[in-house]
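As structure tokens, the structure follows; a few thoughts come after it.
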């Protein structure tokens, strides 16, 4: 799934991240372990959008994962980092 917008929204990036994790069970298991989400809890959070910020935080801390997601979405890592920086102005 490629994004068309020059500046994607946090929700769009989170959707890309979650899609990537679902397609990579080991990475999904690691995310769930780090965050404490159960499968049902993650499904609920994905539906209501409350997991978006956690997904972005998780992905930007894992450069190989960030690069893999960006490559599959034809998105630059810098675009993701700009969105993340807006959510975390203190760094």
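Each reported figure results from applying straightforward, stated rules to the coordinates on display, with no laboratory input. Quick caveat: nothing in here was measured; it's all calculated off a predicted structure. Methodologically, a virtual Cβ is constructed for each residue, glycine included, from the backbone with ideal geometry; neighbour enumeration extends over all protein chains shown.
Taking the stretch 27-43 as the region of interest, how many residues are buried (at least 17 other Cβ atoms within 10 Å of the Cβ) and more than 20 Å from residue 69 (Cα to Cα)? So that I can check it myself, show each step before the final result.
Taking the stretch 27-43 as the starting set, the residues that turn out to be buried (at least 17 other Cβ atoms within 10 Å of the Cβ) are 27-28, 31, 37, 42.
Now drop any that are not more than 20 Å from residue 69 (Cα to Cα), which leaves 37.
The number of residues fulfilling the criteria is 1.
Residues of the stretch 43-91 being over 12 Å from residue 18 (Cα atoms) and assigned to a loop (DSSP other than H, G, I, E, B), which ones?
50, 61, 62, 74, 75, 76, 88, 89, 90, 91
Could you grab me the full set of residues in the stretch 44-81 that are free of Cβ contacts under 8 Å to residues at least 12 places away in the same chain, within 15 Å of residue 12 (Cβ to Cβ) and loosely packed, with under 14 Cβ neighbours inside 10 Å?
76
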